[in-house]
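A quick write-up on the structure given underneath.
The values are calculated or read from the model by the stated rules, or taken from the named source; none is laboratory data. Quantities reported herein were computed from a predicted structural model and do not represent experimental measurements. In this analysis, Cβ positions are derived from the backbone assuming ideal geometry, glycine residues included, and neighbour counts consider all displayed protein chains. Ligands, DNA and RNA are excluded from the accessible area calculation, which covers all protein heavy atoms including side chains. Shrake-Rupley method; radii C 1.70, N 1.55, O 1.52, S 1.80 Å.
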Amino acid sequence: MSKLYLSVDGGGTKTELCVAEGDGKILLSLAGGATSFKSVGNAAAFANMRELVRRMENSGIRASHITKSVWGMSGCDTPEDRVVYEAMIQQAGFPPEKTLVVNDAVLPFWAAADVPGVVVIAGTGSIVVGVDSQ
């Protein structure tokens with residue numbers, strides 16, 4: 001099996017999950033409910049995350065098949081928030097050594113941008129993030 005990469009945009013109103021091969025070919029794209037524990041609470045956020053992972057697994061892609069995953073999570077603003085998200089993601093079957101958890105505003109840098117740069121997100125909420133070379 002080729003290397004597979006998972007990207008998750010976990011938001012306060014919806015969550016999108018994408019699995020792609022190293023060359024960028026998308027194998028799976030799913031949408032589900034909110035996974036921001038600050039928006040819907042821990043239980044609902046984890047249930048929505050677990051449902052997306054279940055649907056991914058039903059398509060034949062297991063967490064163990066993923067080479068690296070990047071989770072851009074809405075509300076992941078502090079080290080304490082990161083701990084909550086990391087625990088949820090590990091409980092969903094993704095090992096910490098293959099997982100990176102970032103604020104969803106930083107996710108585009110992992111997908112298509114380069115540092116330094118600016119990202120503007122205009123969705124349910126609006127965010128502008130600038131990252132310098134340091």
Heavy-atom accessible area order for Glu57, Glu16, largest first, 1.4 Å probe: Glu16, Glu57
Return the calculated 222 nm mean residue ellipticity for the chain, to the nearest 500 deg cm²/dmol, obtained by summing -39500 (n - 2.57) across DSSP H runs with n ≥ 4 and dividing by the residue count. -8500 deg cm²/dmol
Computed FRET value (nearest 0.05) for Asp77 with Gln134, which takes r as the C-beta separation and R₀ as 25 Å: 0.80
Mean separation of Cα pairs under 8 Å and 6+ residues apart, divided by the residue count of the chain: what relative contact order is that in percent? 20
Mind ordering 84-92, 5-13, 59-67 by average Cβ neighbours within 10 Å, highest first? 5-13, 84-92, 59-67
At 0.36 nm per residue, and after removing the present C-alpha to C-alpha distance, how many nm does the segment from Val118 to Gln90 gain when stretched out fully? 7.0 nm
Collect residues whose amide H, placed 1.01 Å from N in the peptide plane, falls under 5 Å from the amide H of Gly11; neighbours closer than 5 in sequence don't count. Glu16, Thr35, Ser36, Ser74
Along principal axes, Cα extents of the chain, largest first, whole Å: 38, 36, 26
Take peptides 95-108, 18-31, 69-82 and line them up by average Cβ neighbours within 10 Å, highest first, as a rough protection proxy. 69-82, 95-108, 18-31
Once phi is turned into ³J(HN,Hα) by the Karplus curve 6.51 cos²θ - 1.76 cosθ + 1.60 with θ = phi - 60°, what whole-Hz value does each residue of segment 71-80 show in order, with x for glycine and proline? 10, x, 10, 4, x, 7, 10, 9, x, 5
Can you give the FRET efficiency to the nearest 0.05 for Lys98 and Lys38, using r as the Cβ-Cβ distance and R₀ = 30 Å? 0.75
